[in-house]
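Working notes, beginning with the structure itself.
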Amino acid sequence: ALMQALPAAEHITIQMTRWPSFKPAVPAPTLFRDLNQLRRLELEGGFSFERCDLPATIWGSLESARALEVLIVNRCYGVPGMPPAVAKVLTRLHHVSITNSYMLNDPDTWLFLDALPALTSLEATWPTKEVAQLATSKLFVTGGVAAAQLAHLTLVVDAIVPEACIAAALTSASNLRTLTVRPRVGLVTKPCASDAGFRLSGTCFVSMSPRLHTVRIECDFPATPAVAEHFARLHSLRAFYKPFSPHRSPHAAAHEVLTQLTAGCPRLRTVTGLMQNDDLTNMLETTVTVPTCVTGPHGAAPACVGVTWRLNGAELRRVTAADEAVAVAERDGPGDHRSGSTS
């Protein structure tokens, strides 16, 4: 059944607890045939770590899948690496997600990703130091074209992955708009180092794409002014997330970091994980003072302005003029708006 022709299929999803064994045959076994209309391919494995190696020819059918746009592979432990040669015909493939799969241990998979002409969105697991080093030697390389054209990147990293590898990826992916760095969690039967939690130092964030507008760092890291300075350089940043740390900073330090982010990121609207308000029935407000972008008269230093943030749970939301107008209207009520006088 897995070798039949599907010339009209646009979306294929395969869920396998165990892949079948393929015997040598002529023609060589492939994952279906004649995939001319295929736009989305999803392969989902089970939780078994028993390998059932598939032949390398299994990907041969992608030669015909020239309309493919999305490829997702998760928990497929017997699937071979992607053949780099097929990448040149997949001119529409823009989103690839490969997670918890042994094919990431194959250099060919990273060479395949590097050769995709339209790749703009990537999610990948780095379960070991070796996989991370493969990624940063084949795809995330200095001056690499494929890495530089990425707009969206999600890295799922284990605690044993060197922070230098994350730094290399963020440096080479120089045009990112969204970034997620997530700790890898053990898969039921096979625990990983991240299960005990791990903490980044923050040095990996020293060089990031200036075009980033959404940053979500789900690994713990110190929210210090020195680390916050890396994010304060992202002038297009609109949303910033970090987990609320058990190693929480004092309120004064968190306020200083919020001031840094407010001053450096004029478009920033939400900051999550920097402060915590456990009383969800009572939204707290905090105001930071930052310089305006307008220079004072006769070249004097810019004036300062107060920016108010509302804290609800762990989310800080910037108060805009529209928010203030709504608050005033709600406070005054309709009965307080009187026009003219009566005689």
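Please tell me the relative contact order of the range 32-179 in percent, rounded to the nearest whole number, where contacts are Cα pairs under 8 Å and at least six residues apart. Intermediate results must be reported in sequence, preceding the final value.
Values: 315 pairs, mean separation 26.6, N = 148.
18 percent.
Taking amide H as placed 1.01 Å from N in the peptide plane, the amide H of Leu43 sits under 5 Å from that of Ile14, Ile72, Val73, Asn74, each at least 5 places away or on another chain.
3J(HN,Hα) along the range 90-104, derived from phi through the Karplus expression 6.51 cos²θ - 1.76 cosθ + 1.60 where θ = phi - 60°, amounts to 8, 6, 10, 6, 10, 10, 10, 10, 10, 10, 6, 9, 5, 4, 6 Hz, with x in place of Gly and Pro. Using R₀ = 45 Å, calculate the FRET efficiency as 1/(1 + (r/R₀)^6) where r is the Cβ-Cβ separation of Val305 and Glu218; round to 0.05. My answer for the efficiency is 0.90. In this structure the amide hydrogen of Thr272, modeled in the peptide plane, comes within under 5 Å of the amide hydrogens of Phe240, Tyr241, Lys242, Leu316, none closer than 5 places in sequence on its chain. With θ taken as phi - 60° and the Karplus curve 6.51 cos²θ - 1.76 cosθ + 1.60 applied, the whole-hertz 3J(HN,Hα) list for the range 207-218 is 10, 10, 4, x, 8, 4, 10, 9, 10, 10, 9, 8 Hz, x standing for glycine and proline.
Laboratory data are not the source of any read-out in this text; all were calculated from the coordinates shown. Just so it is clear, the model here is predicted, and its values are computed rather than measured. Positions of Cβ are backbone-derived with ideal geometry, glycine not excepted, and every protein chain shown enters the neighbour counts.
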